[in-house]
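Taken together, the values in this text are just the output of simple stated rules run on the coordinates, not laboratory data. None of these values were measured; they are calculated from a predicted model. Every residue, glycine as well, gets a Cβ built from its backbone with ideal geometry; the counts of neighbours run over all protein chains shown.
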């Protein structure tokens, strides 16, 4: 477990200076960094859980698909929150019907976000046993915690956002 934290730290510490030297767009650097982290994490998960190459490949497909869906939901949440902030500006009367619709949309989105984790576990359970699924969830939680720690130490906000599910 300690080795996992070292790998994540090395990825962030080692890759960030390289990313700063690139001439590409900031979004391209983020995509490349995400890919590197995902690759290293996938290798670590395969080792820790004792997965076959086929299981690891299927896991990557399942987890990757849900990650894309959740990132889209996170973008939708940001859009809804910006719209809500526009409605709730100080000194401007809010449209109550619109605020009610936005609130309902945000709540529905949170439910869908949480349900995506249930669906992901169900899909993973098709080819992993219960212990492997639990171990994977723990490893991923630790990775996300470490990423948040690194982001916090750099004074950043955003990035990995699972608070919709776990932290109100």
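The figures follow:
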read-out: Neighbour-count order for 88, 139, fewest beta carbons within 10 angstrom listed first; value: 88, 139
read-out: Label-point separation, residue 119 to residue 56 (7 Å along Cα→Cβ), nm; value: 2.8
